[in-house]
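Down below is the structure, laid out as structure tokens.
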Protein chains: 2
Amino acid sequence: MQPARRITLTDDVYAAVQALIMDHEVQPGARINIDALARRLAVSPTPVREALARLESDGLVSKTPLVGYAATPLLTRAQFEELVEMRLVLEPAAAAKAAGAGLDAVELAGLRGAADLPGPDGPDAIAAFTAQDARFHHTLAELSGNRMLHDAVVRLRAHLHLFRLHFPTAHYGVSASEHHRIVDAVGAADADAAAEATRAHLTAARDRHLPFFESR
Amino acid sequence: MQPARRITLTDDVYAAVQALIMDHEVQPGARINIDALARRLAVSPTPVREALARLESDGLVSKTPLVGYAATPLLTRAQFEELVEMRLVLEPAAAAKAAGAGLDAVELAGLRGAADLPGPDGPDAIAAFTAQDARFHHTLAELSGNRMLHDAVVRLRAHLHLFRLHFPTAHYGVSASEHHRIVDAVGAADADAAAEATRAHLTAARDRHLPFFESR
DNA sequence: CGATCAAAGATCCTATAGGATTTGCAGGCG
DNA sequence: CGCCTGCAAATCCTATAGGATCTTTGATCG
């Protein structure tokens with residue numbers, strides 16, 4: 001049995017700062033004061049610095065020497081296109097591998113459960129939607145059986161999450177049916193269909209998000 | 001003109017530790033003492049700790065709380081297979097995008113120059129071979145025009161480099177012709193041929209490396 | 001002879017203090 | 001009126017010291 005309690009402050013700080021950025025409590029592009037953050041979290045600057053170094057690798061903050069850290073600015077349209085391209089490379093491949101992996105009933109049920117998305121009711125509907133959508137794509141990547149592939153997908157999700165929360169007009173319910181098409185193909189062990197369904201979902205999602213860039 | 005002098009110790013330490021691991025001056029799996037490393041590099045533990053945090057994100061070291069850091073152990077056969085799978089997802093896509101990007105003569109010449117590989121003569125022939133091979137795949141990923149794709153490929157190279165140096169029987173000259181097939185396809189702006197040539201190269205390289213696992 | 005327990009050593013983790021650098025603003029000059 | 005120079009404040013960066021934890025070694029008991 002593990003202690004279940006966090007042992008290192010660094011991990012706590014890492015999670016806290018990640019949440020801060022994800023929830024836009026610190027605006028994109030805003031500078032991050034190490035000392036202030038340390039006081040706010042009631043820890044010393046050292047673990048803060050360590051956590052920020054890890055977050056820099058994840059691309060959530062950027063560091064300029066002798067100046068400080070800053071939250072990564074919002075994605076430009078070009079970067080967004082790159083992100084979609086990258087997802088189109090990774091996620092169809094993950095879906096295909098999951099389809100060919102011979103999943104058992106439990107794994108398939110878990111994926112199917114993650115495919116459903118919450119409706120537009122309730123508080124924090126946007127956050128709930130985003131979290132559940134992330135869970136589905138995470139699970140799909142995990143079921144590919146390739147850990148490196150999974151990690152790469154998770155890495156990208158951070159950026160997408162960041163982007164979406166800032167343009168909160170999510171499209172409830174639209175993605176769910178597309179998700180289920182993917183699940184069905186995976187369940188049928190049809191690798192080509194799974195990849196194709198994933199491609200269709202990603203391009204559709206891309207087109208849904210694209211209008212947000214018109215206003216900038 | 002840049003100061004050319006080190007601005008942050010952390011970056012220097014990061015590079016130094018990376019080199020230490022890449023050159024196997026610290027054995028895979030060996031523990032890394034923070035204080036000893038700080039003394040060796042003549043810096044304080046703080047920047048060392050910061051650099052190690054970044055290296056952990058890169059997967060070159062692993063941390064166990066209250067115990068310390070350790071160099072990542074050698075790839076198991078399963079992990080090696082995963083790595084190849086991952087490369088088969090990323091690099092053909094990168095080659096295809098490079099082929100469709102309409103490269104100018106300068107860029108194409110740079111890629112062609114990187115495709116040649118040094119012969120088995122001279123000191124540090126293995127290191128030279130590995131470095132040049134890395135440079136080719138690096139350049140190819142960069143010419144895809146997608147920064148995220150490029151970063152992902154670079155991230156994987158670290159692991160492969162680690163693996164190869166430990167099994168130093170490289171296959172000089174074999175890869176070069178395969179490299180040139182890729183360059184030709186990219187130069188002809190034939191995306192499908194570029195992807196296929198890259199796939200062929202990667203699977204061939206995989207088969208060349210596979211025998212090393214028999215003896216373990 | 002093997003296993004268990006205890007204590008010493010080493011190491012990591014955290015906190016605090018001082019030096020160096022950048023940034024912002026005020027004042028003077030062209 | 002605009003631009004530049006100098007100063008002050010804030011911030012980051014580095015170094016050092018102390019507390020907590022794990023690992024290891026040695027001795028003792030079954």
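The values are calculated or read from the model by the stated rules, or taken from the named source; none is laboratory data. Fair warning: this is a prediction, and the values are worked out from it, not measured in the lab. For neighbour counting, all protein chains shown are included, and Cβ atoms are generated from backbone atoms with ideal geometry for every residue, glycine included. The area values use the complete protein model at the heavy-atom level, side chains included, leaving out ligands, DNA and RNA. Shrake-Rupley method; radii C 1.70, N 1.55, O 1.52, S 1.80 Å.
Odds and ends about this structure:
- Residue check for A:ALA96: within 16 Å of DNA strand D (Cβ to nearest atom), within 21 Å of the chain's Cα centre (by Cα) and of a type outside the set (Ser, Thr, Tyr): no
- Of all the residues in segment A:60-77, those that are open to solvent by 60 Å² or more (accessible area, probe 1.4 Å), within 11 Å of chain B (Cβ to nearest Cβ) and on the phi < 0 side of the Ramachandran plot number 2.
- When we screen B:LEU88, B:LEU103 for residues that are away from chain A (no Cβ under 14 Å), open to solvent by 20 Å² or more (accessible area, probe 1.4 Å) and in contact with a helix residue (DSSP H, G or I) (Cβ under 8 Å, 6 or more places away or on another chain), the only hit is B:LEU103.
- Flag for B:ASP23 being of a type in the set (Asp, Glu) and near DNA strand D (Cβ under 9 Å from one of its atoms): no
- Residues within segment A:32-59 that are surrounded by fewer than 21 Cβ atoms within 10 Å (Cβ to Cβ) and in contact (Cβ under 8 Å) with a residue 40 or more places away in the chain, tallied: 2
- For A:THR8, the criteria (1) hydroxyl-bearing (Ser, Thr, Tyr); (2) closer than 30 Å to A:ILE126 by Cβ; (3) open to solvent by less than 40 Å² (accessible area, probe 1.4 Å) hold in every case but one, which is (2).
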